[in-house]
Amino acid sequence: MNYAERLENVTVLGASGKMGSGILLLTALEMADLSLKPENKDKQFVLNAVDVSNQALAGLMKYLRAQVQKAAEKKIVALRKVYESCCDLVDNKEIVDRYVSDVCALVRPTTALESAYASGLVFEAVIENPALKIKLLSQINRNCALLNKDSANAPWFFTNTSSIPVHELDEKAGLGGRLLGVHFYNPPAIQKLVELISAASTKAELVEFALTYAKNLRKIVVPSNDFAGFIGNGHFMRDALHGIAEAERLSKDMPFAEAVYTVNRAAQDFLVRPMGIFQLIDYVGLDVCQYIMSVMGERFKDEVIHSPLLDRFIAAGVKGGQFSDGSQKDGFFKYEKNRPAAIYDPGTKQYVPIASFQAACDTKMGPLPQPALTWKSAVKHPKKEAALEEFFAKLAAMDNPGAVLARRYGERSREIGLKLVSDKVARSEADVNMVLTSGFYHVYGPINNYFKREMVK
Amino acid sequence: MKKLRKRVFMAAGYNTIALGSGRKEFNPKKPRPGLEEYVKEAGQATLKMVGGAANVDEGVIGNFMAAKFNNQGNLAGLIPYIDEGLKWKPSCRVEGACCSGGLALVTGIKSVLAETADVVLTLGVEVQNTVKAVYGADILAGAGWSKERKDGHAYFFPGKFSDRAGEYFKKFGLERTRKALARWYRNAIENARLVPTAQEFHNIQEDLEAVALAKPNPKSFVDNLNVFDCSKVSDGAASIAIMSEEGLKKAGIDKKDAVEVVGFGQVEADLTQPPADLAKLDTTEEAVKQALASAGIGVKDLGTVECHDCFTITGILSVEAIGLAKQGEGADFVSAGNTARNGKIPFNTTGGLVGWGHPTGATGVRQAVTIWEQLTGKAGKWQIELPADRPYALSISMGGNDRTVVAIVYRRASL
């Protein structure tokens, strides 16, 4: 099977989910582009969008249509060439509409898992639950084998797991090396990064295929070795635990909501990150973080990767995550117009308005290094490196509580990054930095000299 | 072209804001004024200056594609909407693609020459931000021959003028031409920054020429032009009164507040034929020739020009079509600063189409308003001084790929 043949019949499991819908969109666009090539005109491309809820699938198709239209508008110059021979398509509008209908025609929304049995590639993007993943993968694999005696055509499996070791899934589902970790970042349609995780058993052809696929999707590929959490969550979960620990430490001397605000702001404003750590936990979902921590915790026995605080929040029904329209659900923060407006106090089970303590907390934290450097301005800065260098050099010389907190944060982040390399999760420091800059939109990687200086001092 | 049989004047000009990307108040997601609001704003401003609707004999409105951008035809019916006093006065809408405004002006001039009107309320309007640029390109492609659309570029007109730029690069050198295009862009933005109604009024970009040298990206746009080489998508209207001497008196307008139309050229080329030479605007050349002959003056008498720089390359080609530089030398003429506001012959002193904006059907009228402001000392911060020995101004309104062109020569009415 060549590249196009492998993509002739594809299934995405969990297609209506946050990750699944993005993976479905990108795969649909790639398959449509293949199907529109003259040499593939006799092939019938099929993309099964499998999920458990018909309602969610209806929402998925709406999302897909809107996104494909945007994609078509963006690549109209190329599309006019693709549809050159269709005399009835003259205006851009007609070409965009046809492309949208061509892409959507590939996609078969369904709640029937059986649809996957004829697929050459199955992309698993269900919730981060090893038992469920194993059940689905093994069921599909068994039935494919029954339907198709030719082992050369046995399906390949991609898993979007962000934490479960690929070799465990492969072994337990009996896939015989036909499983590869292809970890997209949220939202997949926008985030550039894909972590590629091959187990020792993973067949080389899968990796080769995935590299072409990711390249065609214009993704940045970073290989990660097959350890729970990989590079991305390997850093994020430990970073989150540090943030939680800092907030708990501070909350001995101040109300809990203020401690969360202070740590969050230190991570965002003082460390020049796109969002603070508690906002990021909300974005991903407290329950998702809890699950990933449990997967990692079970596999890194010498480390405590678990947060009783998260357990308490989740038990109280505070989970974060997003609504299907992409807006933020309440978690550590209560959101108004997608901006943090109040912070949850687990004692009173009430949200405390940020405005009620913000000014006092800011004063306590002390000033930011000047000239100020926000994440937004750093992204666009023509001399970004120099600006960051200057900002953090000043931060290193400051002893106000905000600066001290931020430095501890930066040091810990660096330590986590270095450990990912020494534990051989990441193959290089550059890979760790690439994951954080392209997958988390940080403007600098965790392994840097900004905080090293502090350690030397 | 003969000398005009009677004196024709213009006064009481008004431009609305050119709204679109770049203006701080522009938000594509929020409701914006429609055709009616623009026409009313501009028309009422002119009526106020001519002593009210009672003094107006006729109305003309230039518009290109309201039928598609706004699902609106029969635009003449918006003229009585400006003021009840215009009800039952003769009105018409004229269309000639981006020269619609130019055609509105000559229609008004001819009414005065024909003595069927002494005061013609002349407007131009276009509201284009109703669709995304990718679909706006389809609508604007209507300025070309429809049978060429299928093989044309997604961005049809940028594609046409990219071909012209490519030909010019090939014949006369890429680097020197790109340098001139960048200079044209800089002049346009620097001029627009002086004019509160201009679309680029809020532009604070430093080092404009460096920005304008961005390499074209054929994958997402056209081969030889970048986005800075193009006028933007704009909404706006312009209005001016075209009057006889009796009209001026009736409206109570002193000659010092008016300009005189001393000649014009109106020229049409076959829509279905490609340009004979891509590196030349021969229809524009002919229109200018006729306008100058009609005015009885030469190129050397011109003190300022409003040209139709829908793209920066069109600016260079216009310089040559007017006869200020030989073919192939327009680029150096522009690079040397001759067309800048402090140069030998200032072009597009309110920014032109690239800087002020290009609400297509309004542009021709907007150019007349700019010249009226300059010649009557009403140009505020963007005022230039015309040399005494070169008191004439020229406007060029061009439709399509140099197919429909109107050139008009003006001077101060009190001269």
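The values are calculated or read from the model by the stated rules, or taken from the named source; none is laboratory data. Everything quoted here is computed from the prediction, not taken from an experiment. Every residue, glycine among them, receives a Cβ derived from its backbone with ideal geometry; neighbour counts consider all protein chains shown. Accessible surface areas use protein heavy atoms only, side chains included; no ligands, DNA or RNA. Shrake-Rupley method; radii C 1.70, N 1.55, O 1.52, S 1.80 Å.
Here are the numbers for the structure shown:
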| quantity | calculated |
| --- | --- |
| Residues (without any contact (Cβ under 8 Å) to a residue 40 or more places away in the chain and farther than 17 Å from A:Phe227 by Cβ) located in region A:278-303 | A:Asp287, A:Gln290 |
| Of all residues making up region B:344-387, the number that are assigned to a helix (DSSP H, G or I), aromatic (Phe, Trp, Tyr) and either within 9 Å of the chain's Cα centre (by Cα) or closer than 16 Å to B:Gly315 by Cβ (or both) | 0 |
| Residue match in region B:280-289 (condition: crowded, with 18+ Cβ neighbours inside 10 Å, part of a strand (DSSP E or B) and under 17 Å from the mean Cα position of the chain (by Cα)) | no |
| Condition check for A:Leu25: away from every other protein chain (no Cβ under 14 Å), closer than 30 Å to B:Tyr155 by Cα and either open to solvent by less than 10 Å² (accessible area, probe 1.4 Å) or assigned to a helix (DSSP H, G or I) (or both) | yes |
| Matching option when the condition is closer than 23 Å to B:Asn217 by Cα and of a type in the set (Val, Ile, Thr), among A:Ile76, A:Ile23 | A:Ile76 |
| Some residue of region A:75-91 being more than 10 Å from chain B (Cβ to nearest Cβ), in contact (Cβ under 8 Å) with a residue 60 or more places away in the chain and among the polar types (S, T, N, Q) | no |
| Failed item in (1) under 29 Å from A:Lys81 (Cα atoms); (2) within 21 Å of the chain's Cα centre (by Cα); (3) away from chain A (no Cβ under 14 Å), with B:Ala241 passing the rest | (1) |
| Qualifying residue in region A:260-279 (condition: modelled with pLDDT of 95 or more, charged (D, E, K, R), within 30 Å of A:Thr363 (Cβ to Cβ) and open to solvent by 50 Å² or more (accessible area, probe 1.4 Å)) | yes |
| Hits in region B:312-333 - residues which are within 23 Å of B:Gln266 (Cβ to Cβ) and crowded, with 21+ Cβ neighbours inside 10 Å | B:Thr314, B:Gly315, B:Leu317, B:Ser318, B:Val319, B:Glu320, B:Ala321, B:Ile322, B:Leu324 |
| Any hit, region A:357-371, residues being under 16 Å from A:His442 (Cα atoms), part of a loop (DSSP other than H, G, I, E, B) and not hydrophobic (A, V, I, L, M, F, W, C) | no |
| Selection within region B:53-95 - surrounded by fewer than 17 Cβ atoms within 10 Å (Cβ to Cβ) and under 23 Å from the mean Cα position of the chain (by Cα) | B:Ala67, B:Gly73, B:Asn74, B:Ala76, B:Cys92 |
| Residue among B:Asp223, B:Asp270, B:Asp309 that alone is over 30 Å from B:Pro31 (Cβ atoms), within 14 Å of chain A (Cβ to nearest Cβ) and modelled with pLDDT of 95 or more | B:Asp223 |
| Index of the failed condition, A:Val52 passing every other in (1) under 28 Å from the mean Cα position of the chain (by Cα); (2) open to solvent by less than 30 Å² (accessible area, probe 1.4 Å); (3) more than 10 Å from every other protein chain (Cβ to nearest Cβ) | (2) |
| Flag if A:Lys133 is surrounded by 14 or more Cβ atoms within 10 Å (Cβ to Cβ), modelled with pLDDT of 95 or more and within 14 Å of chain B (Cβ to nearest Cβ) | no |
| Any hit, region A:407-418, residues being within 22 Å of A:Lys364 (Cβ to Cβ), surrounded by 15 or more Cβ atoms within 10 Å (Cβ to Cβ) and not charged (D, E, K, R) | yes |
| Residue, farthest from the other protein chains (Cβ to nearest Cβ), within region A:97-115, restricted to residues that are open to solvent by less than 60 Å² (accessible area, probe 1.4 Å) and farther than 18 Å from A:Glu30 by Cβ | A:Leu113 |
| Strands (runs of 3 or more DSSP E) enclosed by region A:284-355 - at least 1 residues per element that are modelled with pLDDT of 95 or more, open to solvent by less than 80 Å² (accessible area, probe 1.4 Å) and over 20 Å from A:Met254 (Cα atoms) | A:333-336 |
| Residue in region B:212-232 that is under 30 Å from B:Ala388 (Cβ atoms) and open to solvent by 30 Å² or more (accessible area, probe 1.4 Å) present | no |
| B:Pro158 vs. criteria closer than 26 Å to B:Tyr135 by Cα and touching a residue at least 40 places away in the same chain (Cβ under 8 Å) | yes |
| Condition check for A:Ala105: out of contact with any His (no Cβ under 8 Å at 6 or more places or on another chain), under 30 Å from A:Ala71 (Cβ atoms) and free of Cβ contacts under 8 Å to residues at least 24 places away in the same chain | yes |
| Number of the exception - B:Gly298 against (1) in contact (Cβ under 8 Å) with a residue 24 or more places away in the chain; (2) open to solvent by less than 60 Å² (accessible area, probe 1.4 Å); (3) of a type outside the set (D, E, K, R) | (1) |
| Every residue from region B:334-374 that is surrounded by fewer than 24 Cβ atoms within 10 Å (Cβ to Cβ) and in contact with a Leu (Cβ under 7 Å, 6 or more places away or on another chain) | B:Ile345 |
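Residue-wise test of (1) more than 9 Å from chain A (Cβ to nearest Cβ); (2) under 19 Å from A:Asp97 (Cβ atoms); (3) open to solvent by less than 40 Å² (accessible area, probe 1.4 Å).
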{"position": "B:Thr107", "(1), (2), (3)": "yes, no, yes"}
{"position": "B:Ser111", "(1), (2), (3)": "yes, no, yes"}
{"position": "B:Val120", "(1), (2), (3)": "yes, no, yes"}
{"position": "B:Glu126", "(1), (2), (3)": "yes, no, yes"}
{"position": "B:Lys132", "(1), (2), (3)": "no, yes, no"}
{"position": "B:Ala141", "(1), (2), (3)": "no, yes, yes"}
{"position": "B:Lys147", "(1), (2), (3)": "yes, no, no"}
{"position": "B:Asp151", "(1), (2), (3)": "no, no, no"}
{"position": "B:Gly159", "(1), (2), (3)": "yes, no, yes"}
